[in-house]
Amino acid sequence: MSATTTLSSPIRLIDPAFIRTAKDGTRSLDLLVDDMHCAGCLAKVERTASAVPGVAHARANLTTKRLAVDLDPSGSPEAVLEALHKVGRSARPFDPGVASDTKNEASELMRCMAVAGFASMNVMLLSVSVWSGADGTTRDLFYWLSAMIAIPTVIYSGRPFFRSAWNALRYGRTNMDVPIAIGVLGATALSLYETITSGEHAWFDGSVALLFFLLVGRVLDNRMRDVARGAAARLLTLAPTVASLVLPDGRARDIPISSVRIGDTLRVLPGERVPVDGIVTSGASDLDRALLTGESVPEAVGEGAAIHAGANNLTGPLEMRATAPANETVLAGIIRLMEKVERPDGRFVRLADRASRLYAPAVHSAAFLTLIGWLVLGFGVHAAVTAAVAVLIITCPCALGLAVPAVQVVAAGRLLSAGIILKDGAALEKLSEVDTVVFDKTGTLTLGTPRLVQGPEAGDAWAVSAALAGGSRHPLSRALAEAADAQNIRAAPVTDLAERPGFGVEARWNGLPVRLGRAQWVDAPTDRRSGLSEVWLRIGDDEPQAFLFSDELRSDAKATIAELEALGLDIRLVSGDAQGAVERIAAQAGISQSLSNCLPGGKVEALEVLAKEGRKVLMVGDGLNDAPALAAAHVSMSPASGADIAQAAAGIVFTGEQLGPVLQSIVTARKARRKISGNFALAVGYNIIAVPIAVLGFATPLIAAVSMSASSILVIANALTLGLSLRRIGTRHPTKPVAGSVS
Amino acid sequence: MSALLGLIPIALGFGILALLVFLWSLKNGQYDDLDGAAARILIDDEQPADTNPDKKEQRHV
């Protein structure tokens with residue numbers, strides 16, 4: 001669970017690959033600060049970073065949640081991270097390569113759109129004069145001016161389409177950009193010919209307006225994908241990169257984990273992650289293995305225990321002997337498994353591409369038949385080519401190009417305001433096809449953090465426990481302290497408070513020794529089989545008293561699952577936990593089909609079986625152990641409290657303590673799907689009217705301009721109505737993640 | 001007709017000027033952080049330059 005680690009994770013050395021060095025020696029670095037939401041956070045982050053000695057300049061970007069830091073030669077990037085951690089911000093280095101790639105594409109499209117917008121307005125102005133009666137030399141002059149504006153614009157702004165069309169044609173395929181490129185180039189060439197020969201009609205306005213509308217669609221589409229790339233950067237900082245090697249003289253030195261050899265002795269301080277798999281040689285502590293198992297209750301380890309890379313050391317320092325090199329750990333295995341299943345994703349064909357597969361050949365044959373028809377009927381080459389180009393212009397998929405991105409941007413905006421982050425538009429399309437939902441248990445259906453369910457009567461026991469629990473970072477202690485807080489219990493005054501790693505906390509109260517911890521440590525009965533986690537309190541020589549904890553269902557889990565079933569979805573529960581615990585949660589949540597004892601690979605197999613049955617599965621999971629399954633599912637969601645790797649693998653990330661976003665996303669996706677179909681219907685309907693007009697040769701530039709703009713505006717307006725119909729379900733804002741209580 | 005010969009270049013000139021201003025602002029990063037621009041107006045200005053770094057630290061934390 002990443003949330004439990006942010007508070008205590010130590011400052012790692014930053015890999016030099018993340019730091020760019022300019023010629024004059026100044027170094028700069030991008031950090032991802034994803035819990036930056038408001039003006040206050042922004043100011044705090046910037047001021048904290050600027051106050052670090054050696055920082056020349058720090059500027060935060062609230063949209064991308066990034067902090068750009070420029071360092072003097074004396075500055076250290078680790079100091080910036082440490083300062084930010086001290087004020088409770090989670091900052092991670094961000095790969096500058098990813099950042100600049102995204103920016104270049106977005107700004108190229110934006111520039112193209114700006115140029116096309118300028119040109120279409122000015123050419124339209126000239127065209128309107130021609131339509132209102134300018135003729136003779138005035139018309140020729142206006143056409144020449146239009147040509148001078150339009151031709152450079154087509155060359156400049158058309159590049160994204162020409163490039164993509166050329167790539168498709170080169171490999172013998174066709175896509176939406178092929179008819180666009182042919183239409184725009186054909187219209188421009190014919191118009192130029194008409195201008196040179198003083199002809200009556202020129203389509204310069206049509207070709208640049210087309211480019212403008214299409215580029216609007218592309219810019220919207222690009223916005224959607226931008227978010228996805230930012231999310232991918234999370235993966236880079238997941239695994240521990242540095243190990244602390246114990247030298248023969250007892251001192252420790254940081255080495256990259258790739259140079260750890262089998263048999264090396266390594267030191268793991270509290271708050272650090274175990275760097276590689278190994279065996280504990282000295283020390284005792286509790287390990288949080290949530291990253292590997294998704295299990296929130298820590299495991300006590302002592303000398304001789306086998307421990308795995310990625311586990312978080314909570315309470316005491318450990319020394320360990322490495323038993324596997326970094327690339328052969330369990331963690332590395334899971335990451336490889338995930339990379340392997342991630343590939344088949346390419347099979348999914350996006351709606352827009354599916355439409356264009358039908359559309360492009362239809363348009364081309366219509367234009368070709370028009371050309372042949374006019375030639376056969378003996379109207380001459382000029383008239384035939386004019387009619388064919390008119391068909392190409394009028395059928396250019398302007399409305400079609402806007403049909404999908406316009407709807408997706410509206411839907412994504414709605415979801416974002418409800419705390420649901422879509423990582424790409426394809427996720428929304430896939431979500432609308434889902435017929436089965438598979439949930440993980442711990443951290444997904446449940447909150448993933450233990451809550452007190454049963455404790456002793458109020459009184460001294462509570463006051464003493466509150467004092468003892470306050471002295472430990474152990475998740476059960478925190479849960480106990482939280483429960484005491486909720487009941488307004490004041491901590492009793494205790495002295496000599498000390499944490500015994502792997503056992504518990506002890507102190508003195510009113511002269512009596514008091515202990516809070518494991519059953520054996522306080523001589524409590526150990527044969528209880530409630531399946532719940534427990535902590536015992538002993539005051540002096542009194543009978544020990546138990547506090548029982550369980551991982552609670554998210555408050556709206558049952559209601560959400562009932563509503564999902566009402567939508568006709570098949571709900572399953574798949575978990576790595578033991579059968580009893582899984583069945584108990586399944587019964588509480590109202591899920592009839594559950595599968596327990598699944599290893600990460602087992603979850604993938606379960607999903608593959610479902611996929612073979614022809615089901616489209618939505619996987620909802622949060623742990624590292626779910627990551628391969630998240631990547632293998634048709635589409636996946638992960639709570640923002642989940643492991644970083646799960647969020648990187650999932651197509652959709654949701655915030656808050658409720659499960660409602662799952663339902664809300666599916667409903668939104670289905671509505672968006674209907675709206676997209678509606679938009680396609682509008683675009684096709686427009687063509688059914690416009691194509692015969694063009695084929696018969698009545699499509700003058702005026703008609704082409706009016707009909708093209710009208711259909712595009714109609715499609716955008718239709719997409720905007722989605723916002724209205726979603727407002728009803730969008731009003732239920734989930735609560736902000738209560739980070740403080742978790743970490 | 002002669003009026004057009006003067007007006008069209010003027011109109012185009014203004015259009016190109018507006019386009020250049022937009023491209024400049026795009027390149028200059030004016031659209032990189034739209035949310036941040038809205039939030040920054042709410043941030044109080046830094047207090048007058050303080051030469052004592054310790055004091056500065058305290059104020060921010």
Single match in A:Ala492, A:Ala466 (criterion: over 17 Å from A:Asp541 (Cβ atoms), at pLDDT 80 or above and more than 42 Å from the chain's Cα centre (by Cα)): A:Ala492
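Yes/no per residue for (1) under 24 Å from A:Pro639 (Cα atoms); (2) modelled with pLDDT of 85 or more:
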| residue | (1), (2) |
| --- | --- |
| A:Ile255 | no, no |
| A:Ser258 | no, no |
| A:Val268 | no, yes |
| A:Arg273 | yes, no |
| A:Val280 | no, yes |
| A:Ser285 | no, yes |
| A:Ala290 | yes, no |
| A:Thr293 | yes, no |
| A:Val297 | yes, no |
What residue, among those in the stretch A:530-568 that are of a type in the set (A, V, I, L, M) and assigned to a helix (DSSP H, G or I), is modelled with the lowest pLDDT? A:Ala557
Is it the case that the stretch A:215-229 has a residue that's among the polar types (S, T, N, Q) and at pLDDT below 85? yes
Answer yes if at least one residue in the stretch A:442-461 is part of a loop (DSSP other than H, G, I, E, B) and surrounded by 23 or more Cβ atoms within 10 Å (Cβ to Cβ), and no otherwise. no
Looking at this structure, is A:Leu630 more than 14 Å from the chain's Cα centre (by Cα) and hydrophobic (A, V, I, L, M, F, W, C)? no
Check off (1) modelled with pLDDT of 80 or more; (2) within 14 Å of chain B (Cβ to nearest Cβ) for A:Asn104 and give me the number that stays unchecked. (1)
When you scan the stretch B:22-33, how many residues do you find that are over 11 Å from the mean Cα position of the chain (by Cα) and more than 10 Å from every other protein chain (Cβ to nearest Cβ)? 0
Scanning the stretch A:654-684 residue by residue, the ones that are crowded, with 24+ Cβ neighbours inside 10 Å and under 15 Å from the mean Cα position of the chain (by Cα) total 4
Scanning the stretch A:36-68 residue by residue, those in contact (Cβ under 8 Å) with a residue 12 or more places away in the chain and among the charged types (D, E, K, R) turn out to be A:Lys44, A:Glu46, A:Arg59, A:Lys65, A:Arg66
Residue list for the stretch A:76-101, filter: under 18 Å from A:Thr26 (Cβ atoms), surrounded by fewer than 20 Cβ atoms within 10 Å (Cβ to Cβ) and at pLDDT below 75: A:Pro96, A:Ala99, A:Ser100
Single condition A:Glu342 does not satisfy, out of (1) modelled with pLDDT of 75 or more; (2) surrounded by fewer than 18 Cβ atoms within 10 Å (Cβ to Cβ): (1)
So how many residues does the stretch B:1-21 have that are surrounded by 12 or more Cβ atoms within 10 Å (Cβ to Cβ), within 8 Å of chain A (Cβ to nearest Cβ) and among the hydrophobic types (A, V, I, L, M, F, W, C)? 7
Residue, surrounded by the fewest Cβ atoms within 10 Å (Cβ to Cβ), within the stretch A:21-72, restricted to residues that are facing another protein chain (nearest Cβ under 9 Å) and more than 26 Å from the chain's Cα centre (by Cα): A:Pro53
In this structure, is A:Val154 farther than 30 Å from A:Ala383 by Cβ, of a type in the set (Val, Ile, Thr) and at pLDDT 90 or above? no
Is it the case that the stretch A:164-186 has a residue that's within 14 Å of chain B (Cβ to nearest Cβ), closer than 28 Å to A:Ala362 by Cα and in a helix (DSSP H, G or I)? no
Looking only at the stretch A:112-143, which residues are more than 10 Å from chain B (Cβ to nearest Cβ) and among the polar types (S, T, N, Q)? A:Ser120, A:Ser127, A:Ser132
Going by the conditions given, is A:Leu392 in contact with a strand residue (DSSP E or B) (Cβ under 7 Å, 6 or more places away or on another chain), surrounded by 21 or more Cβ atoms within 10 Å (Cβ to Cβ) and in a helix (DSSP H, G or I)? no
Select, from A:Phe368, A:Phe439, A:Phe379, the only residue that is crowded, with 20+ Cβ neighbours inside 10 Å and either in contact with a Ser or Thr (Cβ under 9 Å, 6 or more places away or on another chain) or at pLDDT 80 or above (or both). A:Phe439
Meets criteria (at negative phi and not in a helix (DSSP H, G or I)) for A:Val404: no
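The values are calculated or read from the model by the stated rules, or taken from the named source; none is laboratory data. Computed from a predicted structure; not experimentally measured. Please note: Cβ atoms are built from the backbone with ideal geometry, for glycine as well, and neighbour counts cover all protein chains shown.
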